[in-house]
Each structure stands twice: as C-alpha cells, then as structure tokens.
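Below: one structure, written as structure tokens.
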Amino acid sequence: LCEDAIALAPSFDLIKSVAILLDKYHTTTRYPTALPGGVPHSAFDGTDASRALEIARDVLRFVEQRLDD
C-alpha cells in the first residue's frame with residue numbers, strides 16, 4: 001500500500017519503513033497454519049501485540065494527517 005501511496009504522494013516514503021514492520025502480522029496471525037511448526041499464539045506475545053498496535057496507530061495518524069492536507 002505504501003508503494004501505491006508513494007506514487008501519489010512521495011511523503012508516504014517517510015512512513016514506509018515503519019509500516020513494513022506490520023507485514024509480519026498479516027498472514028501469520030490470521031491463519032493458524034501459516035507458521036511452520038507452530039501456531040500464532042506461541043510465536044507472538046503481549047509485547048508483540050502492543051508494539052503492533054503502536055505502529056498501526058502511528059501509520060493511521062500519518063495517513064489521517066495526509067488526508068486532512
């Protein structure tokens with residue numbers, strides 16, 4: 001999504017390096033068989049969840065600011 005947004009507004013390159021950290025949660029947390037030899041609840045803990053929420057809030061805030069401009 002950031003790549004598409006960068007094509008429209010180059011300022012999205014600023015948030016790309018932060019937003020990419022959320023990629024590891026996309027498939028592995030949605031599908032129980034996505035992790036070889038494990039399940040999501042054993043691979044991620046509360047700290048991971050808190051950090052992902054913090055990153056998501058930062059990305060959302062960034063996008064909302066761009067929409068207001």
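Please treat every number below as a calculation from the coordinates, not as lab data. Because the structure is predicted, anything quoted here is derived from the model rather than measured. Cβ coordinates were reconstructed from backbone atoms using ideal geometry, including for glycine residues, and neighbour counts include every protein chain displayed.
The angle separating the long axis of helix 46-68 from the principal Cα axis of greatest extent in the chain is about 20 degrees. Ala9 sits among other residues whose Cβ lies under 15 Å from its own Cβ, and their net charge, with Lys and Arg +1 and Asp and Glu -1, is -4. When the helices in the chain are scored as -39500 (n - 2.57) per DSSP H run of 4 or longer and the sum is shared across all residues, what 222 nm value do you end up with, to the nearest 500 deg cm²/dmol? Computed ellipticity for the chain at 222 nm equals -18500 deg cm²/dmol.
Against the globular-protein guess of 2.2 N^0.38 Å, express the Cα radius of gyration of the chain as a ratio, rounded to two decimals.
Working it through for the chain, the quotient is 1.31.
Cβ-Cβ distance of Ala56 and Leu35, R₀ of 22 Å, FRET efficiency by 1/(1 + (r/R0)^6): the value works out to about 0.60. Ala7 to Asp48: FRET efficiency via 1/(1 + (r/R0)^6), r the Cβ-Cβ distance, R0 25 Å, to the nearest 0.05? So, using R0 = 25 Å, E works out to roughly 0.20.
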